[in-house]
Amino acid sequence: MRQLIDFDAAQSVEGIFYGGDAGAKEAVMYKNDVWMLKYPKTTRDLVNPQISYTTSPLSEYVGSKIYGTFNISVHETLLGKRRNKVVAACKDFLYNKNIYFVPFHDLKNSFMAGDLESYSGTGSETLLDEVLATIKGQKDLQNTPNVTERFWDMFVIDAFIGNNDRNNGNWGNIIDRISGSRTLAPVFDNGNAFFNKRSLAQMSKRMDDDDAMRDDAYKTPLCVYKYTGLDNEGQKINPFDFIKRKENADCNAAVLRLKNTIQMPLIKHIIDEIPEVAGNLSVMPAVQKEFYLKIMQLRLEQF
């Protein structure tokens with residue numbers, strides 16, 4: 001059983017800040033490196049919340065570990081506790097290195113400046129045609145290896161783990177300040193996976209209902225990307241419907257590339273070694289472990 005790392009004694013690092021709306025974040029020093037601690041977000045602003053805080057740190061940890069089973073570059077993530085909360089600790093891959101991160105949002109903005117009549121005019125917009133056009137035509141991305149493959153790998157794996165927030169700000173390029181070389185940033189920000197606002201009672205109830213589980217697994221999930229075209233302009237895409245139609249050759253290739261490398265025994269081990277409790281903290285109860293594994297097994301059958 002994996003033990004939670006106690007970050008209560010970790011020193012906060014001044015002058016390093018992290019954005020995003022998924023919850024509080026804090027830079028701390030741990031083993032001579034800077035780590036971003038992601039705290040669970042309060043649910044008090046939600047309508048009829050069933051839990052007091054989201055389980056986003058757990059989703060971040062499990063989702064990132066699953067990405068790692070596909071041999072895809074992903075940020076190093078630990079599971080710990082601080083201030084009596086379960087936290088995900090994500091190693092700052094920019095700290096003390098001569099590199100910087102350029103989000104896809106900014107790359108898309110620069111690309112759209114060349115054709116203002118054809119594009120939405122916002123780097124945040126996730127119309128699929130615009131995203132794919134940027135990947136194909138933006139100069140920095142043209143000089144970055146394997147961008148198309150990474151995009152579709154994320155599309156498929158995010159569907160597998162139920163991450164519905166692969167927005168344009170949480171993936172992109174790493175640029176070396178000295179050589180100018182471009183590489184893809186490690187995958188990060190998986191905290192929206194695995195129904196992070198759902199209570200244990202809700203999970204248990206849905207596991208007793210086969211139709212509800214199928215709905216959760218692949219019938220109702222939507223991703224961040226949207227259709228274009230007169231009939232469905234701006235509608236969010238159900239990734240499993242998209243995959244099933246086999247209309248995109250690069251997506252088809254990603255499904256074939258990944259489905260044969262999904263290691264459910266290893267994924268089960270990752271989940272099983274998370275403690276159910278740590279002291280007075282509930283970490284990952286058995287019901288939650290069972291729910292995660294059943295959802296992924298149902299999704300796997302759709303690939």
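I'd like the FRET efficiency for ASP272 and ILE99, computed as 1/(1 + (r/R0)^6) with the beta carbon distance as r and R0 of 41 Å, rounded to 0.05.
0.70
Give me CYS251, CYS90, CYS223 sorted ascending by neighbouring Cβ count inside 10 Å, so fewest comes first.
By the 10 Å Cβ count, ascending: CYS251, CYS223, CYS90.
How far apart, in nm, are two points set 7 Å out from the Cα along the Cα-to-Cβ line at MET264 and at ASP209?
So the label points at MET264 and ASP209 sit 2.4 nm apart.
Give me GLU247, GLU130 sorted ascending by neighbouring Cβ count inside 10 Å, so fewest comes first.
GLU247, GLU130
Would you pull out the residues with amide H under 5 Å of ASN163's amide H, same chain only if 5 or more places away, H placed 1.01 Å from N?
Close amide H contacts, sequence-distant or interchain: PHE194.
According to the square roots a ≥ b ≥ c of the eigenvalues of the Cα gyration tensor, what is the shape class of the chain, taking rounded for a/c under 1.5, prolate for a/b larger than b/c otherwise, and oblate for the remainder?
It is oblate, given that a/c is not under 1.5 and a/b is not larger than b/c.
Starting from the Cα gyration tensor of segment 1-151, take the square roots of the eigenvalues, sort them a ≥ b ≥ c, and report rounded, prolate or oblate (rounded when a/c is under 1.5, otherwise prolate if a/b is larger than b/c, else oblate).
Taking the square roots of the gyration eigenvalues as a ≥ b ≥ c, segment 1-151 is prolate.
Cut-off 10 angstrom, C-alpha nodes, Gaussian network model of the chain. Which of LYS226, LYS244, LYS236 fluctuates the most?
Largest GNM mean-square fluctuation: LYS244.
What is the calculated FRET efficiency for ASP241 to GLU301, with r their C-beta to C-beta distance and R₀ = 22 Å, to the nearest 0.05?
With a Förster radius of 22 Å, E is 0.90.
Taking amide H atoms as placed 1.01 Å from N in the peptide plane, list the residues 5 or more away in sequence, or in a different chain, whose amide H sits under 5 Å from that of LYS41.
HN-HN under 5 Å from LYS41: THR54, SER56.
Given a cut-off of under 8 Å on Cα pairs at least six residues apart, what relative contact order in percent is computed for segment 131-272?
23 percent
Please state the shape class of segment 108-158: rounded when a/c is under 1.5, otherwise prolate if a/b exceeds b/c and oblate if not, all from the C-alpha gyration tensor.
Note, shape of segment 108-158 comes out oblate.
Using amide H atoms built in the peptide plane, which far-off residues or other-chain residues are under 5 Å from VAL74 H to H?
Counting only residues 5 or more places away or on other chains, the set is VAL187.
Counting alpha carbon pairs within less than 8 Å and at least 6 residues apart, what relative contact order, in whole percent, applies to segment 68-158?
16 percent
Please turn the phi angles of segment 210-225 into ³J(HN,Hα) values with the Karplus equation 6.51 cos²θ - 1.76 cosθ + 1.60 (θ = phi - 60°), one per residue in order, whole Hz, x for glycine and proline.
Running phi through 6.51 cos²θ - 1.76 cosθ + 1.60 with θ = phi - 60° gives 4, 5, 5, 5, 5, 4, 5, 6, 8, 8, 10, x, 10, 9, 6, 7 Hz.
In the Gaussian network model of the chain, springs joining C-alpha atoms below 10 Å, which of PRO221, PRO186, PRO285 carries the largest mean-square fluctuation?
Of PRO221, PRO186, PRO285, the most mobile in the Gaussian network model is PRO285.
Provide the FRET efficiency to the nearest 0.05 for the SER179-LYS31 pair, computing r from the beta carbons and using R0 = 35 Å.
The value I calculate is 0.80.
Run lengths n ≥ 4 of DSSP H only: what is the helix-derived mean residue ellipticity at 222 nm for the chain, with -39500 (n - 2.57) per run over all residues, to the nearest 500?
Helices in the chain give a 222 nm mean residue ellipticity of -10500 deg cm²/dmol.
Evaluate the relative contact order of segment 215-303 (contact order divided by residue number), counting alpha-carbon pairs under 8 angstrom at least 6 apart; express in whole percent.
Reported relative contact order: 27 percent.
Given 0.36 nm per residue, what is the gain on full extension from ASP21 to GLU290 after removing their alpha carbon distance, in nm?
Once the chain is fully extended between ASP21 and GLU290, it gains 94.0 nm.
Bear in mind that the values in this text are calculations on the coordinates, not laboratory data. All values reported here derive from a predicted model rather than from experimental measurement. In this analysis, Cβ positions are derived from the backbone assuming ideal geometry, glycine residues included, and neighbour counts consider all displayed protein chains.
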